[in-house]
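The values are calculated or read from the model by the stated rules, or taken from the named source; none is laboratory data. Just so we're clear, the structure is a prediction, and the values are computed from it rather than from any experiment. With ideal geometry, Cβ positions are generated from the backbone for all residues, glycine too; neighbour counts draw on all protein chains shown.
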């Protein structure tokens, strides 16, 4: 299906950083493997854009995974009053609101507070912030209000048996704060997908492909959860676990592709109902390789 496999471990750090808890990228081509640790999100975006554009110009088919949620629980776009395809409307709105400079300084907590105000006129659904960002529309602690206020804490995929330890996309701070990664990462994936050098062949799975193997792929962007395979990831001497994860996942996908097994990773759980598949394909997204049934 693909020639090149890329895995990106994202970071919402507030300052330039390398090493542990920073951005790691593994680019695995048929005859080349590159591991990079860019200091900022701006550097990572520029690097990926150039690499992807070169690959597309050479006719390569590329699968690129990012380790943060591509979507939010069903109803998020509607509660914000957004029009159009829900996933794209949310991506465009986050990109419109987010400011993220070349020194990794972002306004993600302010964005979350603005979205909370529009949805609930209070500190719901996003939560978790430094003391200086606490206010009427964002709190440092969990609100326990999802059932009462009618917006789920977790997406359908986050409730699968294959997703132990998966954190909710509303969580912005503290260990496992994947919410900040999504707010800073979604605009980058959006810009890469829309880059004029890539846009004719780029697709976002499963939003633009359905829960199916992509047809005639050029560049396919997918959400990935490296902890699916944490028991089989071996450490790399002198490098943090983030580096080991991106290397393992890119190699793993390449091996599964050669074995003819990768196509099945794109189909999700065969027990999903039709209405659930529509939610996944239009709003919530899915995690590549999750095929197990629900905990429920």
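Could you list, in sequence order, the residues of region 222-251 that are more than 17 Å from residue 178 (Cβ to Cβ) and in contact with a helix residue (DSSP H, G or I) (Cβ under 8 Å, 6 or more places away or on another chain)?
229, 232, 233, 234, 235, 236, 248, listed by residue number.
Looking only at region 199-245, how many residues end up being part of a helix (DSSP H, G or I) and surrounded by 18 or more Cβ atoms within 10 Å (Cβ to Cβ)?
6
When you look at residue 61, is it within 28 Å of residue 255 (Cα to Cα), buried (at least 17 other Cβ atoms within 10 Å of the Cβ) and modelled with pLDDT of 95 or more, yes or no?
Judged against the criteria, residue 61 is a match.
Wholly within region 1-106, which helices (runs of 4 or more DSSP H) include no fewer than the required count, namely at least 3 residues that are touching a strand residue (DSSP E or B) at 6+ places or on another chain (Cβ under 8 Å) and at negative phi?
Ranges flagged: 41-57.
Say we look at region 125-139 and pick out the residues that are touching a residue at least 24 places away in the same chain (Cβ under 8 Å) and over 9 Å from residue 170 (Cα atoms); which of these is nearest to the chain's Cα centre (by Cα)?
Step by step, filter region 125-139, then rank; the result is 129.
Any residue at all in region 154-171 that is within 15 Å of residue 63 (Cα to Cα) and in contact (Cβ under 8 Å) with a residue 60 or more places away in the chain?
no
Looking at 233, 186 in this structure, which one is modelled with pLDDT under 95 and either more than 23 Å from residue 22 (Cα to Cα) or in the same structural domain as residue 280 (by TED's automatic domain parsing) (or both)?
Going through 233, 186 in turn, the sole match is 233.
Output the number of residues of region 252-292 satisfying the condition of being touching a helix residue (DSSP H, G or I) at 6+ places or on another chain (Cβ under 8 Å) and either closer than 18 Å to residue 227 by Cα or in a helix (DSSP H, G or I) (or both).
17
Anything in region 37-83 that is touching a helix residue (DSSP H, G or I) at 6+ places or on another chain (Cβ under 8 Å) and without any contact (Cβ under 8 Å) to a residue 12 or more places away in the chain? List them, or say none.
78, 82, 83
Given the conditions (1) crowded, with 17+ Cβ neighbours inside 10 Å; (2) within 26 Å of residue 41 (Cα to Cα); (3) free of Cβ contacts under 8 Å to residues at least 40 places away in the same chain, report the number of the one that residue 178 does not fulfil.
Of the numbered conditions (1) crowded, with 17+ Cβ neighbours inside 10 Å; (2) within 26 Å of residue 41 (Cα to Cα); (3) free of Cβ contacts under 8 Å to residues at least 40 places away in the same chain, the odd one out for residue 178 is (3).
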